[in-house]
Every structure is written in structure tokens, then in C-alpha cells.
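Reading through the C-alpha cells given below for one structure.
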Amino acid sequence: MRLNLTLALTLGLAGWALPAIAHGVTVEHRQVSSVEISAQFETGEPMANAQVLVYTPDNPAEPWQQGTTDDQGRFSFTPDASQPGSWEVMVRQAGHGVLTTIPVADPASENSASSPGTEADAEPNSLISPSTGLSPVQQGITIGSVIWGFIGTALFFARGKR
Amino acid sequence: MHIPDGILPAQVCAAGYAITGLATWYSLRQINRKPDPTAEIPKASLLTAAFFVASSIYIPVPPASVHLILNGLLGVVLGYFAFPAILIGLFFQALVIGHGGITTLGVNAAMMGIPALLAYHIFQSRNTVGKMLKEPTRTGVFSFLGGALGLGISALIFLGLIIFNIPAELDAGAERAAVLTLSIGHIPLAIIEGMFTTMLVLFLRRVKPELLEG
């Protein structure tokens, strides 16, 4: 079973605007950018309860965060903006898995850009798929050619000795 | 049941390639000893195409969904041609459909190909072990055993490979439970493939019995 891992980079996702000042409790809020991944099998079935390991760009050996996907195969995390670069996310279940790379922008460049600009910058990242990237038609033609190769081989050797 | 890239450590992948190399050499040598080594290539080539396509056919077995493998069938019908056929089929599956991977090609070929050779020997033993059975039943029973056990042994190897290679940072308990669930889904699949093998073999026995002599 092959996995299709689609990523939706959600920027400015979490914002808690809770007015809560009572008994000396203060709540502050800030906006952070999170990454949501959604993992599914090739059949379109979501990879529910799959294990997710998140690695920072600096330390690809030790997971920075661990978790599991929900029933819809989704998992979101908030990368540490002080470590820009290629974050790696491994989704794995029952021997099926995929390692995908998520670029996290440098906070310095992020600050210089305006808010809608950041969103536009994130657009190319919104669909990262590790699959071959062939359209269904291209894949159909490739599969057809391979099958024709096998049939051709069979016909070639079936013509018998002359 | 294909193991994709990046799941197994490099040593296991290398060992898989070594075993596959040996098994390919052995199979090709057995083929070369036949009076006409090319005579069965048409049959082998067509079944390679069937094997290539079979992995895209999904059968929902709650809670998982499994896909056909047909390695036991290839073993029963092709004999020693089954190993190179599976190797070639897996190569194209990894390249075109994205099932399995190039680094794990050796492991996958050994995992599916060697049980296929066992299935062949199970089927061939029908004339020695299964003497007390009458003829159509004998072929039917042994082709079922070959088709079902070929897949079953592969599923067991898959289970073992995954369970003994769970990376330390994963939650081993959850991963083990998930692999077990998937493997249990292969029991009905083994029965389906066994019946499929029986149907094909009994059909061939009626229309072209010389194809089963191999």
C-alpha cells in the first residue's frame, strides 16, 4: 500500500482570544503558524491512529515531537520558528510509512513580509506529495505500457522455433 | 504487504538483496537445466503482468484493506520461473505504481519469491504425499495449499521483519498491534488466493494440462 501524504500548511491558525482575568490569572495570546498533515492510504482511506514523528532540521536522529493522527489521518504541530529549514515528518503504521519534508521559513524573513504575503509564500508548499507526481492519465499510460511489454515478451517467445 | 523505502535499516535491505541474488541465481540455474529454457517464457511473462496488476486490486477486510499478491499462484503455475517473475513484477510495481521501493526490492522479492518456490514444491508433492486422494481432488487440494501457504508464509515474514525492526523512538506496542491487525487481514486473503489458484489450476488442467507439468 502506498501512501499519499498531503500537507496543508495552515498559517495563523491558532489564536486564543480569551478574556480571562479572574483570581489573578492572566491569559496572553499570540498567533502561531502550525502545520497540518493529513495522511491517507492510496485507496483514499485515512491513516487513522498512525504514529507521527517530527524531526527538527538540526537533529534528524532524535524526534522533536511524537504523536498520532486522528480518525481522519490528520495531525498538526507547531514548528519552532527559531529553527528554520527542512523539518521532517515521519508517518508510520503497520510497516507502511512515509518521510516527508516540510520547509519552515526563517522568522526574520517572515517578519519582513506582510501577513497576506506570507500566506502567498506558503502557497507552493500547500501540496507536497512524495508520490511520483504523475497524473492519472500518465500513470495509466505507463501501466499500460508495462503490461504491453509483458504481453509482447510472451508473444515474442510464443512464436516458436523456426 | 510491500515494504516501502525508509522502513527497514540499511543492513536488512542489503541482506535482502543478497538473499534475492542467491535465489535468482539458483532459480535461473534450475531453469537453464530444462530441455528448452525459453519454452515457458510466454506463460511466465503473462503471469508477471497479472502479478504486476494484482497489487492494485484491493479487497476490504475490516478493519484493514489488503490487496492481492498472487505469489503462491505464480509459484504453483510457474515453478522456478516464479522467482524472476516476482522480482521483475516488484521492480515495475516500485517504479510505476509506487508499491514497495527500490532499496527494499531485495527484501520484498525474498519475502514473496521464496514462499512462491515453497508453494511450487508443495504443489509438486501432490504426487507423493497426496497419493490417497483421487485425481481432480488431489490437484485441487494441493493447488489450494500452494496458493494459500505461499501468501501465508510471506505474511509471516512481513510480520517478523516489521516487528523486529521497529525503531526505538516509535511506540512499539501500538506499532505491533497495528501490524498484527494487518497480518490477521491476510488470513482471509490467503483463503481467497488459495481458491483462486485452485480455480486457475483446475481450469488449466482441463484445457491445457501440459502447462502444469513444469
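The values are calculated or read from the model by the stated rules, or taken from the named source; none is laboratory data. On a predicted model such as this, the values are computed, not experimentally measured, just so you know. We place every Cβ from the backbone using ideal geometry, glycine too, and count neighbours over all the protein chains shown.
Considering each of B:LEU118, B:LEU156, B:LEU161, B:LEU182 in turn, give the residue that is more than 10 Å from every other protein chain (Cβ to nearest Cβ) and either more than 25 Å from B:GLY21 (Cβ to Cβ) or in contact (Cβ under 8 Å) with a residue 40 or more places away in the chain (or both).
Within the list B:LEU118, B:LEU156, B:LEU161, B:LEU182, the selection yields B:LEU118.
Of everything in segment B:142-167, what is modelled with pLDDT of 90 or more and surrounded by fewer than 16 Cβ atoms within 10 Å (Cβ to Cβ)? Give them in sequence order.
B:LEU156
State the number of residues belonging to segment B:16-46 that are more than 9 Å from every other protein chain (Cβ to nearest Cβ), without any contact (Cβ under 8 Å) to a residue 60 or more places away in the chain and surrounded by 13 or more Cβ atoms within 10 Å (Cβ to Cβ).
6
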